[in-house]
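Participant: Attaching a single structure in structure tokens format; questions to follow.
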Amino acid sequence: MQRHVTVIGGGVIGLASAHALVRAGHCVTLIDAHAEVASETSHANGGQLSYRYVAPLADSGVPRQAIKWLLAGNEAPLKLRPNLDPAQWRWMARFVAACNHHTHQASAAQMLSLALHSQAIMSEWRTRDALGDFAWQQRGKLVIHRDPKVLDKAAAARVAPQDQQVLDARQCIALEPSLTHQQAHLSGGIFSASDETADCHAFCQALERKLQTSGRYTRIANTRVAPLSARNGRIAQLELRHLDGRRERHAVEEVVIAAGNHAAELVRPLGIRLSLQPLKGYSLTLALAADTPETAAPHISVTDSARKVVYADLASSASRQLRVAAMVDIGQRERDSFHPELDEQRIAALRKLASDTFPAAGDFAQATPWAGLRPSTPKGPPILGRPRQANSPDNLWLNVGHGSLGFTLACASGDLIARAISREALPSSLSGPGTLTNTLPDALAARPGR
């Protein structure tokens, strides 16, 4: 049965949800706080679609490493910026509690099954829906290691050994010649041939162009949504707050929250408490010349494991860019959470890390900087489906908390929300032991009959 679904959020999660819903035969109104889609966390993220590297941040060694990182200055992969917000401390307590092997393994299994489903859905949309050029490439991903002990540990922990090849330093450089400058520091790496890269912002634009041709999609731009209210177990309308000062009521049938860090505030009046923390990350985008030699800039996706920096070659028909992304800042207060500020010291540190790793790629002082707030759960897996709280509205659906894996998990998350609203069964790959629904048994349950 066709439904009219209102999606709150114009990033990759909201647009993937809208696309999946329209494909399923529904009508969608998308409400976006900005004039253009993908103007926040989806705008300039790392560009990696790392379907086999989806382990959550919470792990048994992270608290110990975090102490060391706190002393590493602006190049530290993680910075904790404590504040007086009780929500931050509750999230941190849950995060520390999740830093154990058992929880990490369970969360990683959920996220891997979701990621592999996302890769299949991305392939389907890309080949069947004529989305156009969004710099998608499948050249694989190489995770380089500088410490031989860390390399051995990573090799033993591979989730798909048949797809993840262990290489020595010489083989890494043969595969990616631009790493020649790092030869003296490399122990080796792990290469996953089937991983992908793409420009998330361009993907969002491609999805919206496709949606606009469907006749069943409307976007309301420059509009924020007031905290939600419900009556008789349902949300009947939203209060829209346009940036030009106008306010209006918008009637709804089904509501999908894909508003990232803003989701918690939206659902709080309903008695729903979402444990989300905005983890701030940074990126640089360096324009590459068409004739940039293969020894200068990477052609495949590279992750520097020790420095926690990712590099993605985003080559489209119109241009070629190198995207460099890194760092996690927890707890930094923003004057406007819709427009996070750049930390110039962190950006300067990222420019130095990139220049040290790929000195011939170009002038990283000229690279375009960006900062985004990645909405993250303490354990890692996103929050999908109907809220768990008793008496929550039966027409409310959540699609939030993807952290740094929003682009990687977007297609699957949108597909699963559309299946749930359509009362379709989950794919078999997500319904067995150790998969998403095993750990979140009620998250994607079909709504009760009315």
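The values are calculated or read from the model by the stated rules, or taken from the named source; none is laboratory data. Because the structure is predicted, anything quoted here is derived from the model rather than measured. Cβ atoms come from the backbone with ideal geometry, glycine included; neighbour counts cover every protein chain shown.
Participant: Out of (1) in a strand (DSSP E or B); (2) modelled with pLDDT of 95 or more, the odd one out for LEU384 is which?
Facilitator: (2)
Participant: Taking the condition of being in contact with a helix residue (DSSP H, G or I) (Cβ under 8 Å, 6 or more places away or on another chain) and either among the basic types (Lys, Arg) or assigned to a loop (DSSP other than H, G, I, E, B) (or both), how many residues in segment 149-167 meet it?
Facilitator: Matching residues across segment 149-167 total 1.
Participant: For segment 260-311, what are the residues that are among the small types (Gly, Ala, Ser), at positive phi and in a loop (DSSP other than H, G, I, E, B)?
Facilitator: Hit for segment 260-311 is GLY271, nothing else.
Participant: Can I ask one more? Can you confirm whether segment 35-53 contains a residue that is of a type in the set (Gly, Ala, Ser) and over 16 Å from the mean Cα position of the chain (by Cα)?
Facilitator: Within segment 35-53, one or more residues are of a type in the set (Gly, Ala, Ser) and over 16 Å from the mean Cα position of the chain (by Cα).
Participant: On the basis of being in contact with a Pro (Cβ under 7 Å, 6 or more places away or on another chain) and either of a type in the set (Asp, Glu) or within 30 Å of GLY401 (Cα to Cα) (or both), does GLU341 make the cut?
Facilitator: no
Participant: Looking at segment 5-32 only, could you name the residues that are part of a loop (DSSP other than H, G, I, E, B) and farther than 17 Å from GLY215 by Cα?
Facilitator: Within segment 5-32, GLY9, GLY10, GLY11, ASP32 qualify.
Participant: Something else now. Look at ASP147 and say whether it is surrounded by fewer than 17 Cβ atoms within 10 Å (Cβ to Cβ) and closer than 14 Å to ALA198 by Cβ.
Facilitator: So ASP147 fails the test.
Participant: Looking at (1) crowded, with 16+ Cβ neighbours inside 10 Å; (2) under 26 Å from the mean Cα position of the chain (by Cα); (3) at negative phi; (4) not charged (D, E, K, R), which is the only condition ALA160 fails?
Facilitator: (1)
Participant: Got a sec? Which of LEU80, LEU71 is touching a strand residue (DSSP E or B) at 6+ places or on another chain (Cβ under 8 Å), modelled with pLDDT under 95 and not small (Gly, Ala, Ser)?
Facilitator: Only one candidate passes the filter, namely LEU80.
Participant: When you go through (1) modelled with pLDDT of 95 or more; (2) buried (at least 24 other Cβ atoms within 10 Å of the Cβ) one by one for GLU36, which number turns out not to apply?
Facilitator: Failing condition for GLU36: (2).
Participant: Can you tell me which of GLY372, GLY362 is on the phi < 0 side of the Ramachandran plot, modelled with pLDDT of 95 or more, surrounded by 14 or more Cβ atoms within 10 Å (Cβ to Cβ) and not in a helix (DSSP H, G or I)?
Facilitator: Selected residue: GLY372, the only one of GLY372, GLY362 that is on the phi < 0 side of the Ramachandran plot, modelled with pLDDT of 95 or more, surrounded by 14 or more Cβ atoms within 10 Å (Cβ to Cβ) and not in a helix (DSSP H, G or I).
Participant: In this structure, does ALA174 turn out to be within 26 Å of SER428 (Cα to Cα) and not hydroxyl-bearing (Ser, Thr, Tyr)?
Facilitator: Answer is no for this residue.
Participant: Now for a different question. In this structure, does LEU398 turn out to be in contact with a helix residue (DSSP H, G or I) (Cβ under 8 Å, 6 or more places away or on another chain), in contact (Cβ under 8 Å) with a residue 40 or more places away in the chain and in a strand (DSSP E or B)?
Facilitator: yes
Participant: What number of residues within segment 221-247 satisfy the criterion of being surrounded by 13 or more Cβ atoms within 10 Å (Cβ to Cβ), out of contact with any helix residue (DSSP H, G or I) (no Cβ under 7 Å at 6 or more places or on another chain) and part of a strand (DSSP E or B)?
Facilitator: 9
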